[in-house]
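Engineer: Would you mind keeping the following structure in view while I ask a few things?
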């Protein structure tokens, strides 16, 4: 019943858990050729540092090929009280990675009697992405997350993004990934530099409003990115992380800010 | 000749083992668990070494005994809870399974293996809002026997200490106690357990009851608080997020201590 290692992933391996590897390759049993397969994928996520901390937002659409699979996907996943992982790419692997991380952080805190350091959290995520390389190489399970957190030691929000191999980069102001990101990356750079107010100086409402505008822009040019679904009343997911922790922006607030910033009216009709 | 061939010697060995363990842990600092309006509270006194631990979102552990043995049991409980929580779901992690299938059998195996050192510890586990109820406690004894109780529970170094402590808590309405009220009654229970644990010789039950009636828990606390600090944690229903475990701050503990720190 004892685990000699310190790490939750080691514990999982001891109990017989196997992270997806190339043994999951989808190929014809006799010819070995890859079978036609459209993996489920998620789309546009973005993160920015604003006045109080960091904001992370994502649209809600999941697609498989040119089919819209789901319009309520939540791609901004809570890992603990101060960190989130936002995902584009394969949600199946991404949710598994998020689940492992969430348990790893908790397990570490409870076992070691101290919070896992920020650099260790980044390292754990990086290792899991690297473990997923065989799936990414086959083009069916790449996960390219954004990790956002509030660094309580330094008193500021932090944003990290990754490539499919697990390399980790810190972005100073903002980042965006996913299929809709090319449509807004330049816009974000432009706005942050010449838009009159740097993202870092925006208050919360302005930052949320801006993120809704950007996601709307991405959905205009990327079919895999969803926008506000009027029929079902589904807004993008927007979360902030500040010194007082993680907060999910409620639908009512999103409705008001969507009306104000996206539709240019005081309140969006519900 | 094998010990098991000789029933008398077997019984003697086990009896000696009990005496040895109780002797080792009886002077330790007891632990008290008591429900309050927003969850459960665990309290002990010590010299700064942590004795109260988070196991899972709604489960906490406290113990009296050898710190390394407590650590082994804590890690076993942690591993089990997290493996189940990951493979099934957070809601599937229950204190019952940790005790029935994890700690109970492991401690019993350690106690029965007479060529090895047993677990020198008695453990108290608490769970809020689980399948069995809102304020559930289990105690796991050094021989692997476990007991469930609702509302409150204690572990002292010896069974006599438990009895005296439980008498302090009997009749508490643990659904309505405020945090400070729960702290007050828990500290009094702790003091009585401490008093029993430090006795040279433990008298028969009637005599112990008679002596206990003359002891003021306040006096014991006043004395002990000169050398020891209060450690208290809660599993607090109103905590935001999934983990409900939270150590109390010294500001939260202070109101319950002011009466004992007159000088």
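Engineer: Using the structure shown, decide if residue B:92 is closer than 17 Å to residue A:106 by Cβ, surrounded by fewer than 18 Cβ atoms within 10 Å (Cβ to Cβ) and free of Cβ contacts under 8 Å to residues at least 40 places away in the same chain.
Structural biologist: Yes, satisfied.
Engineer: I would also like to ask the following. Residues in segment A:116-128: is at least one within 13 Å of another protein chain (Cβ to nearest Cβ) and within 22 Å of residue B:240 (Cα to Cα)?
Structural biologist: no
Engineer: Same structure again: How about segment B:84-100: which of its residues are in contact with a helix residue (DSSP H, G or I) (Cβ under 6 Å, 6 or more places away or on another chain) and part of a loop (DSSP other than H, G, I, E, B)?
Structural biologist: B:93 - this is the single residue of segment B:84-100 that is in contact with a helix residue (DSSP H, G or I) (Cβ under 6 Å, 6 or more places away or on another chain) and part of a loop (DSSP other than H, G, I, E, B).
Engineer: Conditions: (1) in contact (Cβ under 8 Å) with a residue 40 or more places away in the chain; (2) assigned to a helix (DSSP H, G or I); (3) over 21 Å from residue B:228 (Cβ atoms). Residue B:184 meets all but one. Number of the miss?
Structural biologist: Failing condition for residue B:184: (3).
Engineer: For segment B:33-72, give me each residue that is within 12 Å of chain A (Cβ to nearest Cβ), in contact with a strand residue (DSSP E or B) (Cβ under 8 Å, 6 or more places away or on another chain) and either part of a strand (DSSP E or B) or surrounded by 24 or more Cβ atoms within 10 Å (Cβ to Cβ) (or both).
Structural biologist: The answer is B:52, B:53, B:54, B:55, B:59, B:60, B:61.
Engineer: Could I ask something else about it? Count, please, the residues in segment B:187-214 that happen to be assigned to a helix (DSSP H, G or I) and either at pLDDT below 95 or farther than 19 Å from residue B:248 by Cα (or both).
Structural biologist: Matching residues across segment B:187-214 total 16.
Engineer: Considering only segment A:193-228, how many residues are under 13 Å from residue A:50 (Cα atoms) and crowded, with 18+ Cβ neighbours inside 10 Å?
Structural biologist: Qualifying residue count for the region: 8.
Engineer: If we keep just the residues of segment B:112-128 that are at pLDDT 95 or above and more than 13 Å from residue B:77 (Cβ to Cβ), which is surrounded by the most Cβ atoms within 10 Å (Cβ to Cβ)?
Structural biologist: The qualifying residue surrounded by the most Cβ atoms within 10 Å (Cβ to Cβ) is B:122.
Engineer: Can I ask one more? At least 3 residues that are at pLDDT 95 or above and closer than 29 Å to residue A:141 by Cβ in each: list the helices (runs of 4 or more DSSP H) lying fully within segment A:158-270 that qualify.
Structural biologist: Where helices (runs of 4 or more DSSP H) fall fully within segment A:158-270 and carry at least 3 residues being at pLDDT 95 or above and closer than 29 Å to residue A:141 by Cβ, they are A:181-194, A:204-221.
Engineer: Buried (at least 21 other Cβ atoms within 10 Å of the Cβ), more than 17 Å from residue B:152 (Cβ to Cβ) and over 16 Å from the mean Cα position of the chain (by Cα): does that describe residue B:11?
Structural biologist: No: the conditions fail for residue B:11.
Engineer: For segment A:37-156, list the strands (runs of 3 or more DSSP E) that sit wholly inside it and hold at least 1 residues that are surrounded by 17 or more Cβ atoms within 10 Å (Cβ to Cβ); which are they?
Structural biologist: Qualifying strands (runs of 3 or more DSSP E): A:45-50, A:53-58, A:62-64, A:76-80, A:83-86, A:146-151.
Engineer: Related question: Looking at residue A:183 and the list (1) in contact with a strand residue (DSSP E or B) (Cβ under 7 Å, 6 or more places away or on another chain); (2) closer than 28 Å to residue A:52 by Cβ, which single condition is not satisfied?
Structural biologist: (1)
The values are calculated or read from the model by the stated rules, or taken from the named source; none is laboratory data. Treat the numbers as computed from the prediction; the structure is a model and nothing was measured. For neighbour counting, all protein chains shown are included, and Cβ atoms are generated from backbone atoms with ideal geometry for every residue, glycine included.
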